[in-house]
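Visitor: Below are the structure tokens for one structure; questions will follow.
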There are 2 protein chains.
Amino acid sequence: MASIKPRTLSGFMELLPAPQLQMERIMETLRTTYALYGFTPLDTPAIESAEVLLAKGGGETEKQIYRFTKGDSDLALRFDLTVPLAKYVALHYGELSFPFRRYQIGKVYRGERAQRGRFREFYQADIDIIGDGKLDIVNEAEIPSVIYKTFTALGLRRFQIRVNNRKILNGFYASLGLSEQSGDIMRTADKLEKIGAENVRKILVEDLAIGEEKADAILSFMAISGTNDQVLAALEGYRGQNETLDQGIDELATVTKYLADFGVPQENFAVDLTIARGLDYYTGTVYETTLLDHPEIGSVCSGGRYDNLAEYYIDKQLPGVGISIGLTRLFYVLGEQHMLNGDMNTAPADALVLPMTADLSPAIRLATELRAQGIRTQLYFEQKKFKAKMSYADKLAIPYTVFLGEDEIAQGKCSVKDLRTGVQETVTPEEAAGKIKAGIEALNQGKVIVE
Amino acid sequence: MASIKPRTLSGFMELLPAPQLQMERIMETLRTTYALYGFTPLDTPAIESAEVLLAKGGGETEKQIYRFTKGDSDLALRFDLTVPLAKYVALHYGELSFPFRRYQIGKVYRGERAQRGRFREFYQADIDIIGDGKLDIVNEAEIPSVIYKTFTALGLRRFQIRVNNRKILNGFYASLGLSEQSGDIMRTADKLEKIGAENVRKILVEDLAIGEEKADAILSFMAISGTNDQVLAALEGYRGQNETLDQGIDELATVTKYLADFGVPQENFAVDLTIARGLDYYTGTVYETTLLDHPEIGSVCSGGRYDNLAEYYIDKQLPGVGISIGLTRLFYVLGEQHMLNGDMNTAPADALVLPMTADLSPAIRLATELRAQGIRTQLYFEQKKFKAKMSYADKLAIPYTVFLGEDEIAQGKCSVKDLRTGVQETVTPEEAAGKIKAGIEALNQGKVIVE
């Protein structure tokens, strides 16, 4: 007797088979694309010592973390993949070669308040390049090309990678003598699109007590826009006031210069001086990626350059640059926006073999042959009416059924039915395999995301 | 200043990049092979409500489970993939088509006492076929073919899938009037290989108070051996004494009959009446898989037929058959036995492009072209001496380096060096891509396991 009501916790994504196959395709695409750029896969434990995970400490993280004891051990579930990477690199420092390029696709845990589209268990898909002591700026130019290649491989076209450099912002505020307030100014500037220039100015002057002249200087700086070349040209006018600012302009120019060589089209890339990405961690180039037709989603792939990955674990300067895709949320949002390809082959099998004789040997041999050809094949063994068998294939959207009755067996043939066209043909097993393989190849051409 | 010593918890596998790539290859092989048999991938949360996970309750599980509270919720980490499958099928019963064939490769957690080769976080790789009400016996014949295909795809050859049927054991003990003691007898019989027939007999008679005649009957039954046909022929002699026993003999005969059609060679399969696989859960065919040259490892892939997957969650009869590979332990053991292919390409990239000019554009364009051809390519941007750059390629065992100096650029060519042969040639980018692709394809022919 059933005694416990089955349920899945709120905030935990659990997909039915068809969407799960879409998710698997996305992960497969990420693995392949990340590997193409020389990133090696890593897998670290979901559980770490709480002391290790919380080395940096700090507010929100500590509140949201899943922390518990087992025996004498104070344990916690990882809340991102960056802290485990820092631990990994510090722990295995002597065994790694630098620059160390790794990708990791794994589940992380945050006990946030449950709400629509927010997950407590979610996949992150991260890449990072870690240098030992130094890391050349050109690595920061390569990152947008990984984003571009990944997103186009998934099927996205209308997206924009927005790039800025924290040194430009920090240097500019320093040139105004506002270093101390740079955090507050960035937070205010962040609201520009939402509340407008007039209101931003008001906050700067009234709340942050910034002089009117400086406030206007900030506003004209934030207003710099246009093509990448135009923005870079405008920035040249700010040269010579602050060393950090000059360095930031150089870096941004380098990143922009190499983009075309890395294969990133102009229309998928924008220098945007309003991008700031948080406050402490990032020190150079920062990235955000938005879907042009869905700005309300916010950034779907973000990251940047940092100077010291593992300072809590090792006395080595380990600068790096990385990006992260919040995969579970992205998948959820794509579903909401009807952007997941409904025509994708999400059947558990390419072919369903239906034995029509009491002796199953011929049908099993046929299935074995199809499988040897790489065709995902199911055999239907259950004693059901023919209609029920066909309805099974229909419900699962299995593209081909293969019948094997006495007549077919006598002729050394089988009957293949294409369930989309309804066309049925009696052919040899080799012809059947060729037919199904060609059909499946055509069916699998589509990408997982459609715009 | 580093303040926390970086460490990974004991009992948690964390691999360096090269072995991680071997592990990834194993998982990729499992995904592909499982899919070939029409199993669809599933992914369920690592955290479930403790009440749901512990619905069945019971000793060892309850002691080993990672259980904790977050807010008001009593939570636990899954300790296998079977209970989450039961929950999933019960919860989504109305949305699934049966027979439901799924695979899942995921981490599970057991807070066992730490010891060599035992893991607290480990991957299981499971397949199951779940029927609604009924499930045909032929499904039980298909399972060994999945094991065979999976293991040979990984590179194993000297393994044996041992099969028995619980109905034969239960029926035979019932025919002796020993149903009540069948559990104790099976546990004793299990020691046959280790302690010998004489000692088994002693335990049966002295400890279990079984009459001498019956003890001898049990011993002669356990002694049945030979080819599959010989064992099945010997079993015919036991027909007519007990209905369950007869049914078990029929089932075992059916499973054996279809093996060749499913492509399983005789030498990889053995009917073995000593296999019992625990006590309660399994009700029909049971499987164990052993490596012939490493019997000390025990079974590396086990499972069987069960009658009621989700009885705690739903009032539906859901019989099934499944197997599980303890992937983390298997990987560990293969490493210990030096059975992982050391010649496998475990480099993070197939080619390392070394720019030899100040302007990086030509090198970046070349790398972009190689990537477009599917070649995993890294660019080395760091300002290091030539020797340091080559040592980076060497250490990571990157098979090809590609140099691009002024001369090559002027000629529209590049210099490709095969690091295994030391041969260097100056060729066009297209020729370079062709060369590298052919070399990599040859290099990737090998399987991940060698015997």
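Visitor: Place the peptides A:97-110, A:65-78 in order of packing, highest mean first, counting for every residue the other Cβ atoms within 10 Å and averaging per peptide.
Guide: A:97-110, A:65-78
Visitor: Additional query: With a 1.4 Å probe and all protein chains left in place, how much accessible area per residue does the protein assembly as shown have, in Å²?
Guide: 41 Å²
Visitor: Right, here's the next one. Across peptide B:93-101, what mean number of C-beta atoms from other chains lies inside 10 Å of a residue's C-beta?
Guide: 4
Visitor: Where a Cα-Cα gap under 26 Å defines reach, which lysines qualify for B:Lys387, not counting those fewer than 8 residues away within the same chain?
Guide: Candidates past the 8-residue exclusion: A:Lys134, A:Lys316, B:Lys395, B:Lys413, B:Lys417, B:Lys435, B:Lys437.
Visitor: Just the number, please: percent antiparallel of the DSSP beta bridges in the protein assembly as shown, rounded to the nearest 5.
Guide: 75 percent
Visitor: In region A:365-451, what percent of the accessible surface is made up of carbon and sulfur (1.4 Å probe, ligands and nucleic acids excluded)?
Guide: 50 percent
Visitor: So who's got an amide H within less than 5 Å of the one on A:Asp74, skipping anything under 5 residues away but keeping other chains? H placed 1.01 Å off N, in plane.
Guide: When sequence neighbours closer than 5 places are left aside, the close amide H contacts are A:Ala50.
Visitor: Now, a different point. In deg cm²/dmol and to the nearest 500, what is the mean residue ellipticity at 222 nm of chain A if only DSSP H runs of at least 4 residues count, each as -39500 (n - 2.57), divided by the residue total?
Guide: -11500 deg cm²/dmol
Visitor: Which far-off residues, 5 or more places away or on another chain, put their amide H under 5 Å from the one on A:Leu292, with H placed in the peptide plane?
Guide: It is A:Phe159, A:Gln160, by chain and number.
Visitor: Using the Karplus equation 6.51 cos²θ - 1.76 cosθ + 1.60 (θ = phi - 60°), what ³J(HN,Hα) coupling, rounded to whole Hz, does each residue of region B:295-300 give in order, writing x for Gly and Pro?
Guide: Listing the rounded values in order: x, 5, 6, x, 6, 9 Hz.
Visitor: Please give me, ordered by residue number, the trypsin sites (Lys or Arg not before Pro) of region B:395-451 that lie in loop per DSSP and have at most 11 other Cβ atoms within 10 Å.
Guide: B:Arg420
Visitor: Any chance you could get the radius of gyration and Dmax over the Cα atoms of the protein assembly as shown, in Å?
Guide: Rg, Dmax (Cα atoms, Å): 30.8, 107.
Visitor: If you rotate chain B onto chain A, whose Cβ in B ends up lying nearest the axis, and how many Å away is it?
Guide: Smallest Cβ distance to the axis, with its residue: B:Phe68, 2.
Visitor: Continuing with this model, one more query. When the Karplus curve 6.51 cos²θ - 1.76 cosθ + 1.60 is applied with θ = phi - 60°, which whole-Hz ³J(HN,Hα) does each residue of region B:340-357 get, with x for Gly and Pro?
Guide: Going residue by residue, I get 7, 5, x, 8, 5, 6, 10, 6, x, 8, 7, 9, 10, 8, 10, x, 10, 10 Hz, with x marking Gly and Pro.
Visitor: Label-to-label distances across copies for A:Ala438, with labels 7 Å out along Cα→Cβ, in nm, shortest first?
Guide: 3.0
Visitor: Convex hull over the Cα atoms of chain B, averaged projected area in nm²?
Guide: Over all viewing directions, chain B projects a mean Cα-hull area of 29.1 nm².
Visitor: Here is a follow-up. Rounded to the nearest 0.05, what FRET efficiency do B:Gln337 and B:Gln160 have when you use their Cβ-Cβ distance and R0 = 25 Å?
Guide: 0.90
Visitor: Between region B:324-362 and region A:48-104, what's the alpha-carbon centroid distance in Å?
Guide: One Cα centre to the other: 24 Å.
Visitor: Tell me whether region B:2-127 comes out rounded, prolate or oblate; compute the Cα gyration tensor, take square roots of the eigenvalues as a ≥ b ≥ c, and use a/c under 1.5 as the rounded threshold.
Guide: Oblate, since a/c reaches 1.5 and b/c is not below a/b.
Visitor: Would you mind giving the mean number of other chain beta-carbons within 10 Å of the Cβ of each residue in A:83-89, as a whole number?
Guide: 2
Visitor: Another question about this same structure. Quick check: net charge around B:Lys167, other residues with Cβ under 12 Å of its Cβ, Lys/Arg +1 and Asp/Glu -1?
Guide: Charge balance in the 12 Å sphere: -4.
Visitor: Search the structure for amide H atoms under 5 Å from the amide H of A:Thr285, placed 1.01 Å from N in the peptide plane, and list their residues when 5 or more places away or on another chain.
Guide: A:Arg166, A:Arg305
Visitor: Could you look at region A:221-346 and say what percent of its accessible area is carbon and sulfur, using a 1.4 Å probe and all protein chains?
Guide: 46 percent
Visitor: Grab the other residues whose beta carbon is less than 12 angstrom from that of A:Tyr306, score K and R as +1, D and E as -1, and report the net.
Guide: -2
Visitor: Round to the nearest 10 and report in Å² the accessible area of A:Val427, as given by a 1.4 Å probe over the protein chains' heavy atoms.
Guide: 20 Å²
Visitor: Then there's this: How well do other chains shield peptide A:64-73, expressed as the mean number of their Cβ atoms within 10 Å of each residue Cβ?
Guide: If you average over the peptide's residues, the count of other-chain Cβ atoms is 3.
Visitor: What length, rounded to one decimal in nm, is gained on full extension from B:Glu406 through to B:Asp280, with 0.36 nm per residue of separation minus their alpha-carbon distance?
Guide: Length difference between fully extended and current span is 38.0 nm.
Visitor: With both bridge residues required to lie in region B:315-451, what share of the DSSP beta bridges run antiparallel, to the nearest 5%?
Guide: 55 percent
Visitor: A further question follows. Return the percentage of antiparallel bridges among DSSP beta bridges fully within region A:353-431, rounded to the nearest 5 %.
Guide: Among the beta bridges of region A:353-431, antiparallel pairing accounts for roughly 65 percent.
Visitor: Order the peptides A:80-87, B:187-194 from the highest to the lowest mean number of other Cβ atoms within 10 Å of their residues.
Guide: By packing density, highest mean first, the sequence is A:80-87, B:187-194.
Visitor: If you don't mind, another one. Let me check I've understood the local charge: for A:Ala223, count other residues with C-beta under 13 angstrom from its C-beta, Lys and Arg +1, Asp and Glu -1. What total comes out?
Guide: Computed value for this residue: -3.
The values are calculated or read from the model by the stated rules, or taken from the named source; none is laboratory data. Because the structure is a prediction, the values reported are computed rather than measured. In this analysis, Cβ positions are derived from the backbone assuming ideal geometry, glycine residues included, and neighbour counts consider all displayed protein chains. Note: areas computed on protein heavy atoms with side chains; ligands, DNA, RNA excluded. Shrake-Rupley method; radii C 1.70, N 1.55, O 1.52, S 1.80 Å.
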